[in-house]
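The values are calculated or read from the model by the stated rules, or taken from the named source; none is laboratory data. Not measured: the values here are computed from a predicted model. Virtual Cβ from ideal backbone geometry, glycine too; neighbours counted across all protein chains shown.
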């Protein structure tokens, strides 16, 4: 187990070394494993969730596109709907210290409490290792990993690439649609979309 | 700050005084102004609108494809009934990489343009309003912006204020021009290769980059290698997958071309020198030395060298310093090679696409070389002597100076001969790190100089040289033959570059110079003092001829006889006289245009048919993106070249011919007048 974790960390580290070319898992391919600290300082290991569907959500509380989905409650509703189905929801912050949206554990706890966010865990990735290992480019940027550890979806939260909360009503929520299809045993009809939002504020 | 903003506002107001103007309200990081080219558009016409945008310092707005993150602007137009707008046309964007993420942005002032169609029944006030949703970012934060811009035009006569027209022409010039030909791209694993038709003869300044407009095929942050390869440009980068037909913008510096490409097989660029290791650089250096050595027997270098060898032999016999001479000669050769190589590297670093022997692409340089080589040839033939008797026995310093100049001359003249032997090696040298590249150029010079170094430093070799004697004069006369041949070749090159007129000027200048040299030679033989006096003005006059030689514009080398340069005034004049006119619009970078010209327009059959039926041919060259031509082309519902127009007497509107011409089509049109 420990050996596998280290391999996962090594894959992610290799992705970083090759910057600016980031690693990016393909849909249906096995995703790289990672370990990261959550906002309470606890280690979260992706491989520990093998057998369950996992959603990754890249977050930057200062980004207007993130504000669109949190301010309207859309992200929280999506998180609640997913976790109610037994899905693991990991919100990840890859903002580097000193850049917009970077948070310490305490700040992240305050953010989650204030927004009434419903992730399974809020992960801190200040070095951008996880983000670059997954090719996360925008906030928000969403990934769904199936129980076999393969990528089922990557892209935006919905199909209305704007910062205007009024557009949420008429949008197709790609994450909820994919989760519903996966639960019904159907292939994900839209497995890849173009993510939209602010760029992830990686270090240098 | 407020004062600055007030100043800017005042400036904008002054710039657009009397024009439709609307100012985005509020605290924004990009100032957007809606400007109409004409505030009195005619009913049923089209008027160009600009969203003149000025981002605040440190902020950037996005191109139509923002890259890895960001958003393009969205516009919602609110227009009177019957009016409509076209697509937003964006100028060539800039690249901005932040922490490994690629952004296609504008960091400075830019102006997307939109065509507004005015309905034919429009009258009076014509309000135009646009709601813009856009994103502006710094490298740290993003702010979505909204602008509600409006202006009221008055339906009128379509008049355009000339200062506004000039401003719009500047904005138009920044737009990409449609290339008109389709490219092909191939995604092989993670490697993407895109081939774009682009004529080899077209000039392209600045670094090449392809901005993908269609999302999904390109890995934006991956570095791109853009190479000219014959009649195509090949872009090699990392890709994701083929996504059907794509569009994008091929940029060379500020110059942009709009390209469509479909998936297919793309062979790799031939001239694709991979990153060469230092061992490769050493190999290139040795190759260059060897190449330089071989150059010694080339017709353009050999006579100069032979002369030098003779003077060394003489120095040997007369107790001169052969070592100093050999070193001076080597210094001359190596320095000129380094200077040529260095300036080539500098120019390439500055973005110009040049090859080795680039200095020979300028007809003026060719003319000077022609004069020089002709002079040397006549000197070898014995028309005149270069050194007055008193000269020879002067101090050695004179000898080394002369040796240095001989070396410099040999290296300069040798460059055209290097092509077949050294082209590939020198091309490879250009992608090396600059010290290694310079070493290769230096190696070439060293190779040229090597025989002399040996002669100068190894007395045994010098002793192998035959004793000076009367045979030297005979050899000199014989050596004038290859020199004359070199002059002939240069005259031919001059003719290719500057046309028959240029070649004639060049030959006349050579004649003039020769007369001067002959005169000087006659005076020398009579032992007159200041033998060179009468030759000087003639030589100066010959050199002054360089001012008259201009490169023949590319593409006009073989146009239809009697074709005239296109201008709207000339067109109006001809159509008013009831003459048939064939107007065609071309550009050096347009492959379809060049194919049509070579295969159809410039053929004898078509040229004869046009001449027989007295059809005037007008040629518009859009290579440099002349905005006046651009407006004319746009009025015929084309965004670019090729455009072929046939004006038949008695018909108000021209016929727009298809983009692929046939000889039969043109002959048929000509015969029907």
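Tell me whether the stretch B:196-212 contains one or more residues that are within 14 Å of chain A (Cβ to nearest Cβ) and closer than 20 Å to residue B:253 by Cα. Looking for residues that are within 14 Å of chain A (Cβ to nearest Cβ) and closer than 20 Å to residue B:253 by Cα, one finds at least one in the stretch B:196-212, hence yes.
Give the number of residues within the stretch B:563-591 that are on the phi > 0 side of the Ramachandran plot and crowded, with 23+ Cβ neighbours inside 10 Å.
0
Every condition in (1) closer than 20 Å to residue A:197 by Cβ; (2) modelled with pLDDT of 95 or more is met by residue A:128 except one, and the failing one is (2).
Here is a yes/no grid of residues against (1) in contact (Cβ under 8 Å) with a residue 12 or more places away in the chain; (2) over 30 Å from residue B:232 (Cβ atoms); (3) crowded, with 20+ Cβ neighbours inside 10 Å; (4) more than 14 Å from chain A (Cβ to nearest Cβ):
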{"site": "B:116", "(1), (2), (3), (4)": "yes, yes, yes, yes"}
{"site": "B:137", "(1), (2), (3), (4)": "yes, yes, yes, no"}
{"site": "B:175", "(1), (2), (3), (4)": "yes, no, yes, yes"}
{"site": "B:183", "(1), (2), (3), (4)": "yes, no, yes, yes"}
{"site": "B:191", "(1), (2), (3), (4)": "yes, no, no, no"}
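Would you point out which residue out of B:271, B:281 is in contact with a helix residue (DSSP H, G or I) (Cβ under 9 Å, 6 or more places away or on another chain), under 23 Å from residue B:184 (Cβ atoms) and modelled with pLDDT under 85?
The conditions single out B:271.
Among the residues of the stretch A:111-125, none qualifies, meaning not one is without any contact (Cβ under 8 Å) to a residue 12 or more places away in the chain, more than 14 Å from the chain's Cα centre (by Cα) and on the phi > 0 side of the Ramachandran plot.
The rows are residues; the columns are (1) at pLDDT 80 or above; (2) surrounded by 17 or more Cβ atoms within 10 Å (Cβ to Cβ); (3) over 17 Å from the mean Cα position of the chain (by Cα).
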{"position": "B:344", "(1), (2), (3)": "no, yes, no"}
{"position": "B:361", "(1), (2), (3)": "no, no, no"}
{"position": "B:367", "(1), (2), (3)": "yes, yes, yes"}
{"position": "B:374", "(1), (2), (3)": "yes, yes, yes"}
{"position": "B:378", "(1), (2), (3)": "yes, yes, yes"}
{"position": "B:387", "(1), (2), (3)": "no, no, yes"}
{"position": "B:390", "(1), (2), (3)": "no, no, yes"}
{"position": "B:393", "(1), (2), (3)": "no, no, yes"}
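This table checks each residue for (1) more than 20 Å from the chain's Cα centre (by Cα); (2) under 29 Å from residue A:196 (Cβ atoms).
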{"residue": "B:158", "(1), (2)": "yes, no"}
{"residue": "B:165", "(1), (2)": "yes, no"}
{"residue": "B:177", "(1), (2)": "no, no"}
{"residue": "B:187", "(1), (2)": "yes, yes"}
{"residue": "B:209", "(1), (2)": "no, yes"}
{"residue": "B:216", "(1), (2)": "yes, yes"}
{"residue": "B:223", "(1), (2)": "yes, yes"}
{"residue": "B:226", "(1), (2)": "no, yes"}
{"residue": "B:250", "(1), (2)": "no, yes"}
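For the stretch B:594-632, filtering for residues that are within 30 Å of residue B:171 (Cβ to Cβ) and more than 23 Å from the chain's Cα centre (by Cα) leaves 3. Taken together, A:108, A:152, A:163 contain a single residue that is touching a strand residue (DSSP E or B) at 6+ places or on another chain (Cβ under 9 Å), within 16 Å of residue A:25 (Cβ to Cβ) and either within 14 Å of chain B (Cβ to nearest Cβ) or not in a loop (DSSP other than H, G, I, E, B) (or both), which is A:152.
Can you list the strands (runs of 3 or more DSSP E) lying wholly within the stretch B:592-673 that have 1 or more residues being in contact (Cβ under 8 Å) with a residue 24 or more places away in the chain and buried (at least 20 other Cβ atoms within 10 Å of the Cβ)?
On the way: elements: B:616-621, B:643-647, B:655-657.
By residue number, B:616-621, B:643-647.
If you go through the stretch A:166-204 and keep only what is more than 14 Å from chain B (Cβ to nearest Cβ), under 28 Å from residue B:220 (Cβ atoms) and crowded, with 16+ Cβ neighbours inside 10 Å, you end up with A:168, A:173, A:174, A:175, A:177, A:178, A:188.
Return the residues of the stretch A:44-71 that are within 14 Å of chain B (Cβ to nearest Cβ) and assigned to a loop (DSSP other than H, G, I, E, B); say none if nothing qualifies. The answer is A:60, A:61, A:62, A:63. Here B:166, B:120 are screened, and the one residue that is free of Cβ contacts under 8 Å to residues at least 60 places away in the same chain and within 27 Å of residue B:637 (Cβ to Cβ) is B:166. Tell me, yes or no, whether the stretch A:132-140 has at least one residue that is away from chain B (no Cβ under 12 Å), closer than 18 Å to residue A:41 by Cβ, touching a helix residue (DSSP H, G or I) at 6+ places or on another chain (Cβ under 9 Å) and in contact (Cβ under 8 Å) with a residue 40 or more places away in the chain. Within the stretch A:132-140 (the criterion being away from chain B (no Cβ under 12 Å), closer than 18 Å to residue A:41 by Cβ, touching a helix residue (DSSP H, G or I) at 6+ places or on another chain (Cβ under 9 Å) and in contact (Cβ under 8 Å) with a residue 40 or more places away in the chain), the answer is no, since none of the residues qualifies. Taking the criterion of being out of contact with any strand residue (DSSP E or B) (no Cβ under 7 Å at 6 or more places or on another chain) and surrounded by fewer than 19 Cβ atoms within 10 Å (Cβ to Cβ), the residues of the stretch A:130-149 that qualify are A:147, A:148.
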